[in-house]
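The values are calculated or read from the model by the stated rules, or taken from the named source; none is laboratory data. Please read these numbers as outputs of a predicted model, since none were measured by experiment. Virtual Cβ from ideal backbone geometry, glycine too; neighbours counted across all protein chains shown. In case anyone asks, the SASA skips ligands and DNA or RNA and just uses the protein heavy atoms, side chains included. Shrake-Rupley method; radii C 1.70, N 1.55, O 1.52, S 1.80 Å.
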Amino acid sequence: MPLFRPLSVLAVASLGTAALVHAAPASNPAVARAIAAPERTPAERARDRYRHPAETLAFFGVTPASKVVEFSPGGGWYTAILARVPAGKGSYTALVPPKGAKGARKMLADKGLKGTVATIDPATGTTDVPAGSQDVVLTFRNIHNLTMGGGDTAAKVFKAWFAMLRPGGTLGIVEHRLPEAADTAKEKDSGYLKASTVRRLAEQAGFKLAGSSDVNANAKDTHDHPKGVWTLPPTYSLGDQDREKYAAIGESDRMTLRFVKPR
């Protein structure tokens, strides 16, 4: 089965024909080496089968020459890969709210990684990343955090991402996917978002949809868990209750979307 499949009829209807991807790009050798780095922990490696880093980063076009920004890296699961890829003019930057800068620097140091920490104020979109300076902005499972509080926080952050990218640059998004037919009200507290919601935010900021992949899809996910997406691994918000059931489902069903800043 190919890693990059045509979307379902419903998804095509919501995303448009530009969302179809017919062939999987080859994984960059530098990305493969970063994934295989012995410094990555067993716990990090255990997530690879759900998060497909080689295929995902190939889809987003990440290479050693890329100037990459990762928004809100958290504990640094993707950072442990991304920060090992740059060479030459390439670079890695962790983008966090000002209060998270100290923690991001510590995370990089604890993992023995090189990279820069930059800040963004989600409430205003103000950032210290220079305009037009980056090739790729990536965000993994973060858009729901920007939208659940309501208001225009997500819109301002998307505009900041647009500004920091060079013309032709890429915005890569992996997010928990709510089926288009589901009640939109579930976006408020479940951790899942509709692909159409993410596309609207991106396009309002000026981005154009360049492609969509089902590489991080999970057909076992029913999207209706007692404590939302956090019911599933790795969070297991119900503790030991039905743990085997949720372990069998695995991590959430996820959209993988690539947007570009028009030249």
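Among the residues of segment 105-150, none is identified as assigned to a strand (DSSP E or B) and touching a His at 6+ places or on another chain (Cβ under 7 Å).
Exactly one residue out of THR197, THR231, THR184 is open to solvent by 70 Å² or more (accessible area, probe 1.4 Å) and of a type in the set (Val, Ile, Thr): that is THR184. Hey, does segment 53-70 have a residue that's in contact with a Lys or Arg (Cβ under 7 Å, 6 or more places away or on another chain), part of a loop (DSSP other than H, G, I, E, B) and open to solvent by less than 10 Å² (accessible area, probe 1.4 Å)? No. Exactly one residue among LYS102, LYS106, LYS114, LYS89 is in contact with a Lys or Arg (Cβ under 8 Å, 6 or more places away or on another chain), farther than 20 Å from LEU193 by Cβ and open to solvent by 10 Å² or more (accessible area, probe 1.4 Å), and that residue is LYS89. In the set THR127, THR153, only one residue is surrounded by 15 or more Cβ atoms within 10 Å (Cβ to Cβ) and out of contact with any strand residue (DSSP E or B) (no Cβ under 7 Å at 6 or more places or on another chain); that residue is THR153.
Within segment 153-175, is even one residue in a loop (DSSP other than H, G, I, E, B) and not aromatic (Phe, Trp, Tyr)?
No: segment 153-175 contains no residue that is in a loop (DSSP other than H, G, I, E, B) and not aromatic (Phe, Trp, Tyr).
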